[in-house]
Amino acid sequence: MIDAQGLHKQFGTVQAVIDLELHVPQGSVYALLGPNGAGKSTTINMLTTLLRPDRGTIVIAGHDAVRNPDAVRRVIGVTFQDLVLDRDLSGREALDFYGRLYGLDAATRTQRTKELLTLVELNDAADRLTGTYSGGMRRRLELARCLMMQPQILFLDEPTQGLDPQHRAMIWDYLRMLQQQHGMTMLITTHAMDEAEILAQQVGIIDHGRMVASGTPAELIGQFGSEMVRITANYPADYQPSWLQAEWVRNWAIQNGELRVGVDHGSRRIATILDGLRADGLQVSDMNMTRPSLGDVFLQTTGRALRDEVKS
């Protein structure tokens, strides 16, 4: 449903997206992860026809997004990171107005508005101005609005940003229902690793405009072994453990004074790791063991350096 190959976009001297490839099968959820400035928003804007790529191809549901953007717009729904609701319209009016823009007749607008307000549980607030809505209510109305045209594909940019845990869980339930019951294809950008693990069948991590890792959440997490040992110590800048080549080491990194080692069985390897650190003259100040997560994959592939978003 989404097939992008060799995407490249540059703003002045900044290469925002570099030879990006992305493939999303029908009925699946794909999570696009990356730090600020990684190129996520630029990628979404190209996929949704808001930006023209400098080179590369984009095919959305069989339509060429560069040559035939109008056909693409008819089959997609988009919610943006920044809410764009008119505060002077009621929830019902906002949905009706959106349907008018797309040429829906009055009977169809009325029916779909009723169905969608029920779906996102906003019937009781349907005739209140959206300016009085809470953040969670506005997010739910945004989702209802992008479903008004019954799209084949949803593009959701940070769909639960700023929501409390209850509203986040509610949005997740809606999205799972849309996929499971209606076979909807979705591409989600998010900074929430738990959101990606819960919703997505495929994950892509983008950094500095390039795809640096992709696969199922289980595949990416599996690269770290079954457990992650974390040890804080006084590591020299160029320190490399002597036991790195051991067959039980799956992955390792040192960042901000913390050594993270993915291993096959943490409880069996802790003593060996500690003995090795002490033999190298290091003083351990803290240690713990956890299951690896998508967050570990994210930090391993993108690092901890802060960066700012490139504005397109």
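Here are a few things to note about the model shown:
- All C-alpha pair distances within the range 225-291, sorted into 10 Å bins from zero, spread as 22, 63, 16 percent across the bins.
- With the alpha-carbon atoms of the range 121-231 aligned to their principal axes, the span from lowest to highest coordinate is 53, 34, 29 Å, starting with the largest.
- Where trypsin sites (Lys or Arg not before Pro) fall in DSSP loop in the range 6-81, at most 14 other Cβ within 10 Å: ARG67, ARG74
- Over the range 41-147, the fraction of Cα-Cα pairs per 5 Å bin, rounded to whole percents and listed from the shortest bin up, is 2, 12, 21, 18, 16, 14, 10, 5, 2, 0.
- Couplings for the range 168-174, taken from phi via the Karplus curve 6.51 cos²θ - 1.76 cosθ + 1.60 with θ = phi - 60°, read 4, 4, 5, 4, 4, 4, 4 Hz in order; Gly and Pro are left as x.
- Convex hull volume per residue for the chain, taking Cα atoms only, in Å³: 155 Å³
- Cut-off 11 Å between beta-carbons: net charge of the residues surrounding ILE60, Lys and Arg +1, Asp and Glu -1: 0
- Burial ordering of GLU115, GLU258, fewest other beta-carbon atoms within 10 Å first: GLU115, GLU258
- Of all DSSP beta bridges confined to the range 2-215, the antiparallel ones make up roughly 55%.
- Neighbour-count order for MET137, MET148, fewest beta carbons within 10 angstrom listed first: MET137, MET148
- Close amide H pairs (under 5 Å, H built 1.01 Å from N) link ALA16 with LYS9, GLN10, PHE11, residues at least 5 positions away or on another chain.
- Net +/- balance of residues flanking TYR235 in space, Cβ distance below 11 Å, scoring K and R +1, D and E -1: -3
- Under-5 Å amide H pairs with VAL66, H placed in peptide plane, nonlocal only: ILE58
- Computed on the chain, with alpha-carbon pairs under 8 angstrom and 6+ residues apart, the relative contact order is 22 percent.
- Other residues whose C-beta falls under 13 angstrom from the C-beta of ASN123 contribute a net charge of 0, scoring Lys and Arg +1 and Asp and Glu -1.
Coordinate-derived values only; no laboratory data. As the structure is a computational prediction, the values presented were derived from the model and not from experiment. When we count neighbours, we look across all protein chains shown, and the Cβ atoms used for this are built from the backbone with ideal geometry, even at glycine.
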